[in-house]
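The structure appears right after this line, and notes come after that.
No value in this document is a laboratory result; all are computed from the given coordinates. These numbers were taken from a predicted model, which means no experiment stands behind them. Positions of Cβ are backbone-derived with ideal geometry, glycine not excepted, and every protein chain shown enters the neighbour counts.
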Amino acid sequence: MSSALVKYRWPCLGAMALLVASVAAVGMTWKAQHQSNSVAMAMTGGDLARAPDIIRRYGCAGCHTIPGIPGGDGQVGGPLSDIKHRVYVGGVLTNSPDNLVRWIVSPQAFSPRSAMPATGISEAEARDVAAFLSSR
């Protein structure tokens, strides 16, 4: 084997190993997100694919920072990231998928002085939004 071939062989192998590692990392990230999406939909009974349109229609992003929603950078209400790790919904309800849905539909029923308005969102739409938020 010529010295020129040996000289260029190791950098090519290194680049190939980096490419394989990158592809594997992307695959694992996709798998983890897919699992998280499936669990969120099973727990809430909602379809997270419908949520971005619903979130825009009801103006949720005008008040809340919402990961995964373009323009979802509102500063009035709390950020809606990591909902699945919180103890309470709206500061008053124990965090569960059903309570999150109930809060989204009718926040004043649980906290009459809440700044969050009753938007008129249906329970089915709230389940879609809850699935989306729970998957993040």
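Candidates in region 75-92 are the residues that are of a type in the set (A, V, I, L, M) and under 16 Å from Ala131 (Cα atoms); of these, the one that is surrounded by the fewest Cβ atoms within 10 Å (Cβ to Cβ) is Ile83. Taking region 93-120 as the range and being in contact (Cβ under 8 Å) with a residue 12 or more places away in the chain, under 21 Å from Ala40 (Cβ atoms) and exposed (fewer than 12 other Cβ atoms within 10 Å of the Cβ) as the test, no residue passes. On inspection, Val101 passes the criterion of being touching a Lys or Arg at 6+ places or on another chain (Cβ under 8 Å) and within 22 Å of Ser36 (Cα to Cα). In the set (1) in contact with a strand residue (DSSP E or B) (Cβ under 7 Å, 6 or more places away or on another chain); (2) buried (at least 17 other Cβ atoms within 10 Å of the Cβ); (3) farther than 20 Å from Ser114 by Cβ, the condition left unmet by Pro52 is number (1).
Total residues in region 54-64 satisfying the condition of being at negative phi and either among the small types (Gly, Ala, Ser) or touching a Ser or Thr at 6+ places or on another chain (Cβ under 7 Å) (or both): the figure is 3. With the requirement that a residue be within 14 Å of Gly59 (Cβ to Cβ) and crowded, with 22+ Cβ neighbours inside 10 Å, what does region 121-136 give you? If the condition is that a residue be within 14 Å of Gly59 (Cβ to Cβ) and crowded, with 22+ Cβ neighbours inside 10 Å, then Glu125, Val129 are the ones that fit.
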